[in-house]
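Here the structure comes first, spelled out in structure tokens, and everything after it is commentary.
The values are calculated or read from the model by the stated rules, or taken from the named source; none is laboratory data. Predicted model, so just to flag it, every value in this text is computed and none were measured. Virtual Cβ from ideal backbone geometry, glycine too; neighbours counted across all protein chains shown. The accessibility values were calculated without ligands, DNA or RNA, using every heavy atom of the protein model including side chains. Shrake-Rupley method; radii C 1.70, N 1.55, O 1.52, S 1.80 Å.
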Amino acid sequence: MRRKVTVVGAGNVGATAAQEIARRDYADVVLVDIKEGLPQGKALDIDQAAAVLGYEPSIVGANGYDETEGSDVVVVTAGVPRTGDMSRDDLVTTNEGIVGSVTREAAERSPDAVLIVVSNPLDAMCHVAKNVSGWPRERVFGMAGILDTARFSTFIAWETGASVRDVTAMVLGGHGDQMVPVVSATTVGGVALRQLVSDERIEAMVERTRKGGGEIVKLLGTSAWYAPGAAAAQMVDAVVLDQKRLLPCTALLQGEYGIDDLYMGVPVKLGAGGIEEIVELELTDDERAALDASAAAVREVVSVLTA
Ligand code: APR
């Protein structure tokens with residue numbers, strides 16, 4: 001039997017993730033949105049692309065949750081995106097209500113699913129999904145680190161003239177301007193980034209990564225979707241195909257990295273059970289301090305939550 005993946009939110013990020021997942025051809029996909037016609041129309045379009053691209057047309061759109069029953073993975077992208085000068089944190093109250101109701105509906109019909117949160121402010125929305133579902137932390141986590149790492153890797157590839165495939169990087173911490181690109185663990189073809197690029201240029205790339213979401217918002221007037229959609233699909237791959245990938249994801253820390261009861265971006269092993277292990281990297285003193293500052297920033301947003 002084919003697996004089932006539900007994507008809630010048929011907007012830019014959700015539809016992109018759904019298309020990426022449909023193209024893998026390992027699952028039936030259900031695309032849910034509150035807007036009438038939107039998920040149905042996008043699903044039909046993605047199904048018709050299948051004949052050209054060579055996958056099975058097995059995505060449906062819905063405004064309710066009955067079709068989502070028995071999903072293996074639920075990806076939550078519902079919410080309002082960041083616009084203009086709005087920070088991710090400004091979104092907190094609106095998206096808390098949306099993510100809470102979506103989680104309730106989806107969790108009821110797929111009680112054994114893995115829940116991947118994408119809606120912003122990400123770290124806080126993971127807390128909402130965890131609280132509402134009541135599921136263990138292994139099955140409720142968020143997508144941010146892969147996207148932030150992809151941005152950092154892109155800048156490194158451009159700076160060094162290397163293929164992005166040969167860049168190994170890791171961005172930890174909250175999905176905000178205080179995220180922590182771990183320079184000490186960043187290599188290009190196995191060579192430490194610090195040996196290849198000056199501290200000044202590294203700092204510029206770190207800054208650009210931290211503000212990577214805002215840079216796109218300034219250009220487009222809304223937030224990104226191609227890289228976020230692809231990143232969410234990569235996490236779905238790891239779970240559905242039990243890949244045991246080591247990926248930076250937003251996980252509930254319970255003492256790891258000296259942080260307790262807070263969702264933060266850390267490297268995890270992702271497989272069929274969701275998070276199968278939280279990996280603790282050795283950090284430099286500066287990186288540690290940056291991670292603590294990022295945790296404090298996340299705690300501030302989490303404190304805005306009403307429930
Ligand atoms: N139930 C289902 N869908 C909802 C609900 C709800 N209660 N509320 C809003 N939506 C839908 C909207 O109708 C819209 O189609 O969520 C979709 C969001 O899509 P976009 O506005 O295009 O936003 P997008 O760019 O996809 O970003 C979605 O992901 O990266 C984050 O910051 C981003 O929080 C935002 C989310």
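Across the cross-link table entries Lys4/Lys130; Lys4/Lys35; Lys35/Lys130; Lys211/Lys244, which are compared at the Cα atoms, the separations over 27 Å belong to Lys211/Lys244. With contributions of -39500 (n - 2.57) from each DSSP H run of at least four residues, the per-residue ellipticity at 222 nm computed over the chain stands at -14000 deg cm²/dmol. Judged by the mean number of other Cβ atoms found within 10 Å, the most tightly packed of the peptides 16-27, 199-210, 102-113 leads the ranking 16-27, 102-113, 199-210. So what's the angle, to the nearest 10 degrees on a 0 to 90 scale, between helix 122-133 and the longest Cα principal axis of the chain? Between helix and principal axis, roughly 40 degrees. Per-residue packing, averaged as other Cβ atoms within 10 Å, sorts the ranges 291-297, 215-221 into the order 291-297, 215-221, beginning with the highest.
Note on the chain: percent of Cα-Cα distances in each 20 Å bin, starting at 0 and stopping at the bin with the largest distance, equals 36, 58, 6.
Between segment 232-307 and segment 1-61, the C-alpha centres lie 28 angstrom from each other. In the context of the full set of protein chains, the chain has a per residue accessible area of 43 Å² (1.4 Å probe). Each residue of segment 146-154 is assigned a 3J(HN,Hα), and the resulting list reads 5, 5, 4, 5, 4, 5, 4, 4, 4 Hz, derived from the Karplus form 6.51 cos²θ - 1.76 cosθ + 1.60 (θ = phi - 60°), x at Gly and Pro.
First compute the accessible area of segment 10-78 with a 1.4 Å probe, then give the percent of it belonging to carbon and sulfur atoms.
Roughly 48 percent of what the probe reaches on segment 10-78 is carbon or sulfur.
Under a Gaussian network description of the chain, with springs only between Cα atoms under 10 Å, the residue in Gln178, Gln243, Gln195 that fluctuates furthest is Gln195. Cα centroids of segment 155-198 and segment 99-154: 26 Å apart.
Annotation for Asp112 and Val191: the two label points, set 7 Å from Cα along the Cα-Cβ direction, are 5.0 nm apart.
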